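Input: a single structure, listed below in structure tokens.
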Amino acid sequence: MNPTRITMRWYSKDGGLVRRVPLIEKALYSMVRLSMRAGLVHRIIRGLSGVVSPRTAALLQLEAARAQVRNRREITPTTGKLHLGCGTRIVEGWFNVDLFESDCDVDILKHPWPWPTHSFDHVVSQHVIEHLDLDSEIFPFLSELRRVVRPAGEVWLTTPDMEKICRAYLESRCGTLIEGAQRRWMKDWPYPPSHYINHLFHQNGEHKNLFDFELLSWTAKKAGFASCERFIEKDLLSRFPEFPPRWDDEQTLVVRLRN
């Protein structure tokens, strides 16, 4: 293959349009990976702030964080309860895992994960799977979950619910979704209400796909899980009361998977 024809996705500054740029971005991503060893990545990304869009800068930052933890050796967890993709929501008594600033920083797209088979009785992963591609990332993710969960264990997943979101669009032009977001975190929505559906489907390029129960159940069973049951947040909090509530039932799908 002619290297000058290798292309990667590039998010430009002019209106956030997606373009295809030959070679230059391949070199850019390689430079970010190599710079991790020299500790220069943040300086490089700051220097590119006038060249690339905020979205591309965020993707480079994510790639840099992944590179830092990609070759982690096997670790014995401190508890049989895994909180996967914890973000800033550190739950006491759980093994809180994310890409950075967690009990165990891990790149969940790097397989196998650095824990022995059958390490956990319980797994909770909230609003993670919508950030993964269905074919290339979700199925390996679920396969690793099946490996690290003990035979009688359980996996609780939450994710934006495509059915609830589409119904809210049809019934209130997303008004109920916006009201829920304003109760939790959002001060104001400066666009027409219907535009909120685009935020949930894309979230500035971070979301790769949404699920309804049918799609998630099909995906879980195709990955090898024996059952996929639907619940609401109240059920999750009743099972694990140490978790802080999200109060987002108007837009969220909650399921429990078993091997």
_Residues that are touching a Gly at 6+ places or on another chain (Cβ under 7 Å) and basic (Lys, Arg), drawn from segment 113-147_ = Arg146
_I'd like to check something: does segment 109-116 contain any residue that is among the hydrophobic types (A, V, I, L, M, F, W, C), surrounded by 14 or more Cβ atoms within 10 Å (Cβ to Cβ) and touching a strand residue (DSSP E or B) at 6+ places or on another chain (Cβ under 6 Å)?_
no
*asked:* Considering only residues that are β-branched (Val, Ile, Thr) and either free of Cβ contacts under 8 Å to residues at least 40 places away in the same chain or assigned to a loop (DSSP other than H, G, I, E, B) (or both), which ones fall in segment 111-144?
replied: Thr117, Val128
*Got a sec? Which of Leu215, Leu157, Leu210 is in contact (Cβ under 8 Å) with a residue 24 or more places away in the chain, out of contact with any helix residue (DSSP H, G or I) (no Cβ under 7 Å at 6 or more places or on another chain) and assigned by TED's automatic domain parsing to the domain that holds Ile138?*
Leu215
*Confirm whether Glu242 is of a type in the set (Asp, Glu), at negative phi and not in a loop (DSSP other than H, G, I, E, B).*
no
*asked:* I need every pair where a residue in segment 99-110 that is more than 18 Å from Phe139 (Cβ to Cβ) has its Cβ under 9 Å from the Cβ of a residue that is in a loop (DSSP other than H, G, I, E, B) and of a type in the set (S, T, N, Q), sequence separation at least 6 or different chains.
replied: Glu101/Thr88; Asp103/Thr78; Cys104/Thr78
_Ile165 vs. criteria outside any loop (DSSP other than H, G, I, E, B), touching a Pro at 6+ places or on another chain (Cβ under 9 Å) and either among the hydrophobic types (A, V, I, L, M, F, W, C) or surrounded by 19 or more Cβ atoms within 10 Å (Cβ to Cβ) (or both)_ = no
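The values are calculated or read from the model by the stated rules, or taken from the named source; none is laboratory data. Please read these numbers as outputs of a predicted model, since none were measured by experiment. Quick reminder, even Gly has a Cβ in these numbers, built from the backbone with ideal geometry, and neighbours come from all protein chains shown.
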